[in-house]
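S.K.: After the structure tokens below, expect a handful of questions from me.
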Amino acid sequence: MDKDIERLIRKETKRQNEGIELIASENYASKDVRKACSSILTNKYAEGYPHKRYYGGCEFVDQVEELAQERCKELFGAKFANVQPHSGSQANAEAYRALLPNGGKILSLVLNDGGHLTHGSPVSFSSFMYNFVFYPLKDGHLDYKGILEMAKKEKPDLILAGYSAYPYAIDFKKLREICDEVGCLFMVDMAHIAGLIAAKEHMSPVPYADVVTSTTHKTLRGPRGGIILTNDEELAKRINSAVFPFYQGGPLEHIIAAKATCFREALSPEFKKYIKGVVENTKACQEEFARLGDEVSGSDNHLFLLNTLKSFGLTGLDAQKKLEGINVTTNKNMLPNDTLKPNKTSGLRIGFAAITTRGCNKTEARKIAKLIHDYLSDKISQKDAKIIVKDLTKNWKLIQQI
Ligand code: DSN
């Protein structure tokens, strides 16, 4: 292997094994998923869709892609699945294109309140191509009555749900009713909670939304990539054209093989048990922060928000940097109504998808809250905090063994 790259991969492996990974959007893909990612399927051009390709020699990648489509449909109970999007952001661009080919008005949640860049941020393509208006949260929660009132006033063409930093359950049925009442389309970006939905630990948006997008690498624990689902045959055709040839060229068949592998894993009873563990660990950690008197959101899913400014007098950035010093990885995150800028923020987003894969349990999740609390409030030294991190991670699986 390229020695420079090999050296860096070795260092990153060590970092991943020695640390406590609390970034809510990260996970550890299985050996089988990683094997597919690095397979010879990367050699193949396959523009188009199974049995309608622009290149010869596609008989085996056709079967790979069909397997991925079938497993994805089974996993989420959808009639149509496009497994080609290279990422969640691209899946969203493609879904918008299929739903609103001539542009239009989209009602969504702003990035600062837990939305995503592609949900109308001024620095994303989305705000250049569509007219976004935003529904506010009420005490950090979705306010369905408020969303209905706003939808009546704004008359959007589309309501968008599904978030990057929202710790509570989402009622997709209620949102569909709002869309029906005002006569607009409904799209869900389920990237963060796709694993919970697959394991039936969260209401599925598939029966309610016109189009559902997702990434495959967060709670779903597959390779980095995207998918788009619908139950509507006409929309399925428009989605296919939006993915190829409108936005993308050749599909990444090695990644599609890895997606197929991940969908099969997610259909297993072990995956359901894993997701239950993620939710329990997240709750245990969040409750421990609350018990210690810290300012923390609630949690119904795989993540919660910790207000580090109010709890420890530290911005999210400073807390993130300080924790990096003891191999605890988090990400600074805007909190609802945050007064600080996105490069500073008032808090951290904390999630348990990754370390539950390595074997973290509820007792350890509580210990992690205590460790972060004691270290950020200077009750323990960096040296002592590092010993606790070593002790916590020593019994977990190494990432090479997953
Ligand atoms: N960047 C991802 C996250 O961390 O939530 C969303 O795309």
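S.K.: Do you know which residues across segment 79-126 are aliphatic (A, V, I, L, M) and surrounded by fewer than 20 Cβ atoms within 10 Å (Cβ to Cβ)? Full working, then the answer.
M.R.: Initially, segment 79-126 is screened for residues aliphatic (A, V, I, L, M), giving 81, 83, 91, 93, 95, 98-100, 106-107, 109-111, 117, 123.
Result: Leu100, Val110, Leu117, Val123.
S.K.: Where residues in segment 6-30 are closer than 23 Å to Lys259 by Cα, touching a residue at least 12 places away in the same chain (Cβ under 8 Å) and outside any loop (DSSP other than H, G, I, E, B), which of them is nearest to the ligand (Cβ to nearest atom)?
M.R.: Ranking the candidates gives Glu21 first.
S.K.: For segment 323-335, name all the residues that are more than 16 Å from the ligand (Cβ to nearest atom) and open to solvent by 50 Å² or more (accessible area, probe 1.4 Å).
M.R.: At the first step, the residues of segment 323-335 found to be more than 16 Å from the ligand (Cβ to nearest atom) are 323-328.
If the condition is that a residue be more than 16 Å from the ligand (Cβ to nearest atom) and open to solvent by 50 Å² or more (accessible area, probe 1.4 Å), then Glu324, Asn327 are the ones that fit.
S.K.: Can Glu234 be described as assigned to a helix (DSSP H, G or I) and acidic (Asp, Glu)?
M.R.: Working: assigned to a helix (DSSP H, G or I): yes; acidic (Asp, Glu): yes.
So Glu234 passes the test.
S.K.: Now for a separate question. I'm checking my understanding of the structure. Among residues of segment 203-252 that are farther than 19 Å from His116 by Cα and within 16 Å of the ligand (Cβ to nearest atom), which one is surrounded by the fewest Cβ atoms within 10 Å (Cβ to Cβ)?
M.R.: Pro223
S.K.: Okay, next question. Cβ-Cβ distance below 6 Å, separation of 6 or more or different chains: which pairs start in segment 50-70 with a residue that is more than 12 Å from Ala258 (Cα to Cα) and end on one that is open to solvent by 50 Å² or more (accessible area, probe 1.4 Å) and assigned to a helix (DSSP H, G or I)?
M.R.: So the pair list comes out as Pro50/Glu66.
S.K.: Could I ask something else about it? Go through segment 365-387 and give me each residue that's surrounded by fewer than 20 Cβ atoms within 10 Å (Cβ to Cβ), under 17 Å from Thr329 (Cα atoms) and touching a residue at least 40 places away in the same chain (Cβ under 8 Å).
M.R.: Arg366, Lys370, Gln382, Lys386
The values are calculated or read from the model by the stated rules, or taken from the named source; none is laboratory data. Because the structure is a prediction, the values reported are computed rather than measured. Cβ coordinates were reconstructed from backbone atoms using ideal geometry, including for glycine residues, and neighbour counts include every protein chain displayed. Side chains included, ligands, DNA and RNA excluded: accessible areas come from the protein's heavy atoms. Shrake-Rupley method; radii C 1.70, N 1.55, O 1.52, S 1.80 Å.
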